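In what follows, a structure is listed as structure tokens, so that the remarks can point back to it.
Just so it is clear, none of the values below were taken in a lab; they were calculated from the coordinates. Since we're looking at a predicted model, the values are computed, not measured. For neighbour counting, all protein chains shown are included, and Cβ atoms are generated from backbone atoms with ideal geometry for every residue, glycine included.
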Protein chains: 2
Amino acid sequence: MDENAFQKRLAETAAAVERELEAQLALDPQPGELGRPRRLIEAMRYATLGGGKRLRPFLVVETARALGRAGNGPVRAGAAIECVHAYSLIHDDLPAMDDDDLRRGRPTTHRAFDEATAILAGDALQALAFTILADPATDASGDTRASLSAGLARAAGLAGMVGGQTLDIEAETAPMPLSPEEVRRLQAMKTGALIAFSVEAGALIAAASPAARDAFRDYGRAVGAAFQIADDLLDAEGDAAIIGKRAGKDAERHKATLIAALGIDGAKRELARLVAAAKAALAASGVGEKGEVLRAAAEFVAMRKR
Amino acid sequence: MDENAFQKRLAETAAAVERELEAQLALDPQPGELGRPRRLIEAMRYATLGGGKRLRPFLVVETARALGRAGNGPVRAGAAIECVHAYSLIHDDLPAMDDDDLRRGRPTTHRAFDEATAILAGDALQALAFTILADPATDASGDTRASLSAGLARAAGLAGMVGGQTLDIEAETAPMPLSPEEVRRLQAMKTGALIAFSVEAGALIAAASPAARDAFRDYGRAVGAAFQIADDLLDAEGDAAIIGKRAGKDAERHKATLIAALGIDGAKRELARLVAAAKAALAASGVGEKGEVLRAAAEFVAMRKR
């Protein structure tokens, strides 16, 4: 599929997710509510609305579509995952963590608001993710909604994103650099788990067969790993004006990356291998031509400029 | 029911919840896991294990029991709520929030570990709550598991606990003291929502009739409001050696409490009114003699020493 067609599909899902998040984070009082903490909601809106590629929701929507399920359910599941992604960025940027002032070229949430509001906005976004997933509007089947909630909780928690972030912080001050295998494991938790779950959520909500789910799991894991390597290459080689944050910070901070473990060329070879693995998994999934967008997504993830 | 029998029931649930949390937070690797972030898990264990009354799980278990449902499902739901409660205490104690060094007479989590670990431990505990609730071991029905997840997410999020905490922080620096009605609303969100949801979870998991669920909702709201007033009275009148933290801090900080809004005597009258309302709701629920423990719980909440 050509670049323009792909970008159009990406933009369509991004717009649908934006609408869903806008509705979830309305500033007006909702029926039955006791009160609206306006400043909190404004911080949640600041951190979630107004753009971004929405890669994770895109993977949910396109996986579901490849498996024959359209409609707003996958968009809602994608919006829920985006809430978790946004909350993790808010908390990662805090002074006690990465202490970042800029994110996507504008002040981080604790800079634009204050630290307490940023912590609470992150906490409320995590809760909102489960509010969205567990709502019958996401899927008519209670079993599917519970499986989506269980999957997101696992991908976001100590066995996934938060656990990986902890290992990442520890690695910065570790006496020895991590081995390539340790870096892979850390990144599979820190960023890979949520991306892989995005694909899994699409398969869950489309009620895919066990064999198709297995193939999509392999696809999701490969794309998740590829995403992180591409991100690390951007940091090492990118231009601050393009990536919206200062480049070269990973090396300064002794971040555990595959570039540190394998060198730039080694990381690029691993990236190419992962894109091939993602395409092979798609071929094995049995979706045939319907997998076209997801094949393009694997390449997009590996080659993106920001 | 006499005080000894009540304390015995309370201790039984606390022990069962402790076992469940201990199993959820095992330090050994779990099947299929990529890695165990030990320090994170140690912080999560520090914040959740080793005691406490476990009032919220007690309300889940005893509500379910009064409605005819026993077994480990209600204990698991209670443990999930306890994870959310524990995470909220970790984050509330952070320097950017209440900046507390002591909690239950020992160092707060960010003091015992560090701030980044405390933020992440709180985040992972919130995720763990949904991992537990959405697991088929909590209830065989996917609809019930999804309803439990939706209810907890709502009680914990911007319309509940986190929203209330935001309003609470804003009230400290508000130009005018809050009206009694505003304080009630704030507290219904900040602490009331999670306590009320504990009762609701018990009713959900016991598949109570709509009429019984309504009566239990009234009971839960009254107990939740009573709990907060009792807590504020303890702060105003309590002994630091008994309550495990310094007394009189609310007034110093201009916290929005019903004592500030109504005076000590006014707050005590409201507390008595709420206990009576809780008992009336129980009487209306149709559980009869089986409501005995929950009647005692309403009195316990109002009269506890810490």
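Checking the conditions here, which among B:ALA201, B:ALA155, B:ALA159 is among the hydrophobic types (A, V, I, L, M, F, W, C), in a loop (DSSP other than H, G, I, E, B), surrounded by 24 or more Cβ atoms within 10 Å (Cβ to Cβ) and in contact (Cβ under 8 Å) with a residue 12 or more places away in the chain? Answer to the selection: B:ALA159. When the criteria are applied in full, A:ILE195 fails the requirement of being touching a residue at least 24 places away in the same chain (Cβ under 8 Å), under 17 Å from A:SER88 (Cβ atoms), part of a helix (DSSP H, G or I) and at the interface with another protein chain (Cβ under 8 Å from one of its Cβ atoms).
What are the residues in region A:131-172 that are charged (D, E, K, R) and under 20 Å from A:GLY224 (Cα atoms), if any? Matches in region A:131-172: A:ARG154, A:ASP168.
Among the residues of region A:273-292, those identified as free of Cβ contacts under 8 Å to residues at least 12 places away in the same chain and not aliphatic (A, V, I, L, M) are A:ARG273, A:GLY288, A:GLU289.
Please tell me if A:SER179 is surrounded by fewer than 23 Cβ atoms within 10 Å (Cβ to Cβ) and among the polar types (S, T, N, Q). Yes; evaluated as a whole, the condition is true for this residue.
Within region A:144-171, track down each residue that is facing chain B (nearest Cβ under 7 Å), closer than 29 Å to B:ASP143 by Cα and not small (Gly, Ala, Ser). Scanning region A:144-171 gives A:ARG145, A:ARG154, A:LEU158, A:VAL162. Filtered by the rule that a residue be in contact with a Gly (Cβ under 7 Å, 6 or more places away or on another chain) and touching a residue at least 40 places away in the same chain (Cβ under 8 Å), region B:142-152 gives no residues.
Within region B:104-131, track down each residue that is more than 8 Å from chain A (Cβ to nearest Cβ) and in a loop (DSSP other than H, G, I, E, B). Those that are more than 8 Å from chain A (Cβ to nearest Cβ) and in a loop (DSSP other than H, G, I, E, B): B:ARG104, B:GLY105, B:THR108, B:PHE113. Restricting A:ASP98, A:ASP114 to residues that are surrounded by 18 or more Cβ atoms within 10 Å (Cβ to Cβ), under 27 Å from B:ASP99 (Cα atoms) and out of contact with any His (no Cβ under 6 Å at 6 or more places or on another chain) narrows the list to A:ASP98.
If you go through region A:207-217 and keep only what is within 20 Å of A:ALA140 (Cα to Cα) and surrounded by 24 or more Cβ atoms within 10 Å (Cβ to Cβ), you end up with just A:ALA208. The residues of region A:91-140 that are of a type in the set (Gly, Ala, Ser) and in contact (Cβ under 8 Å) with a residue 12 or more places away in the chain, listed by number, are A:GLY105, A:ALA112, A:ALA118, A:ALA121, A:GLY122, A:ALA124, A:ALA129, A:ALA134, A:ALA137.
Selection within region B:132-143: residues that are crowded, with 21+ Cβ neighbours inside 10 Å and more than 7 Å from every other protein chain (Cβ to nearest Cβ). The member of this set that is farthest from the chain's Cα centre (by Cα) is B:ASP139.
Scanning region B:172-192 for residues that are small (Gly, Ala, Ser) and either within 19 Å of B:ARG217 (Cβ to Cβ) or within 8 Å of chain A (Cβ to nearest Cβ) (or both) gives B:ALA188, B:GLY192. Could you identify the single residue in B:ALA43, B:ALA16 that is small (Gly, Ala, Ser), within 14 Å of chain A (Cβ to nearest Cβ) and either over 22 Å from A:GLN126 (Cβ atoms) or in a helix (DSSP H, G or I) (or both)? When all the criteria are applied, what remains is B:ALA43. Among the residues of region A:248-294, those that are more than 23 Å from A:GLU3 (Cβ to Cβ), among the hydrophobic types (A, V, I, L, M, F, W, C) and assigned to a helix (DSSP H, G or I) comprise A:ALA251, A:LEU258, A:ILE259, A:ALA260, A:ALA261, A:LEU262, A:ILE264, A:ALA267, A:ALA284.
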